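Values in this text are rule-based calculations from the coordinates and carry no lab data. Nothing here was measured: the structure is a model prediction, and the numbers come from that model. Quick reminder, even Gly has a Cβ in these numbers, built from the backbone with ideal geometry, and neighbours come from all protein chains shown.
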Amino acid sequence: MKDWEASNLDNSEYLGTIEIPTNLEETEWQLFELVVTPTKIVFGGACNVGFLESGYLLRSACRTLDEDLQMLYEELRTYYQDGPRFTTSIVCNKRMYAMKTIKVINFIGNSLWTGYCILCAVIIVTLI
């Protein structure tokens, strides 16, 4: 991954938020704020210091804004459900990769804890 350079958001327009399911069961969601420029759809989050860019999709002259938004939705969904190596159209920064890694570590930790609890319950039932 190359050094990250924030997008120029001069002459941009705020589009609103987009919700992306982060698992196949669609029980967990990631929210992104969207800003559109003449060349990109930038996604990220707003905080007390401003807009934190997570990545962008380059706009195509061959597609409408709605088609670009649909492509962004599908790419982000693929990113979260299948992994970053399966996306081809979005460019993400290290913050996005870190968020994905933290989610995987939390999932593994939760799975191990659940497995441990089940094992303890089986041992207790067996001893009774």
Completion exercise
Those trypsin sites (Lys or Arg not before Pro) from the range 1-60 that are DSSP loop and have at most 15 other Cβ neighbours within 10 Å turn out to be Lys2
Handout entry: Neighbour-limited loop hits for GluC sites (Glu not before Pro), the range 1-75 (at most 14 other Cβ within 10 Å; DSSP other than H, G, I, E, B)
Key = Glu5, Glu25, Glu26, Glu28
Handout entry: Largest-first principal axis extents of the Cα set of the range 40-81 (Å)
Key = 36, 26, 13
Handout entry: For the range 35-43, Karplus couplings with θ = phi - 60° (6.51, -1.76, 1.60), whole Hz, Gly/Pro x
Key = 10, 10, 10, x, 10, 9, 10, 9, 10
Fill in the blank from the handout: Residues Leu15, Leu57 in order from fewest to most other beta-carbon atoms within 10 Å are Leu15, Leu57
